[in-house]
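See below for the structure under consideration.
The values are calculated or read from the model by the stated rules, or taken from the named source; none is laboratory data. All values derive from a computational prediction rather than experimental measurement. Glycine also receives a Cβ, built like all others from the backbone with ideal geometry; neighbour counts cover every protein chain displayed.
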Amino acid sequence: MDVSKMLSTVLKCLYKPDGIRVSQDSGIFNDLNHYHMHLIPRYEGDGFTWGEPSHPDGAEYRLTQTKEKIIKVLNELLNSDGRTQTPP
């Protein structure tokens, strides 16, 4: 949960959502066979449903830039706590 809290802070800094949905499925509901957690920025009136977006906005083409933004803010948070920098 500590990691999900920290990454929620990163998402709040970057995307200014109204809230964050945290979801983790296990057992027969986890078809990936490993632990993973979803952190989803939410906005009032966003019409969120669990599935593919009805209006894709090209996010798949910005994955590298999104990763770099998340790492930058995460490093800033970690460094402000006196911790070492995370690897790229």
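Within the stretch 50-63, the residues that satisfy the criterion of being over 23 Å from THR9 (Cβ atoms) and modelled with pLDDT of 80 or more are ASP57, GLY58, GLU60, TYR61.
LYS12 - would you say it is modelled with pLDDT of 95 or more and among the basic types (Lys, Arg)? When the stated conditions are applied, LYS12 passes them.
Number of residues in the stretch 1-51 that are charged (D, E, K, R), surrounded by 10 or more Cβ atoms within 10 Å (Cβ to Cβ) and outside any loop (DSSP other than H, G, I, E, B) equals 4.
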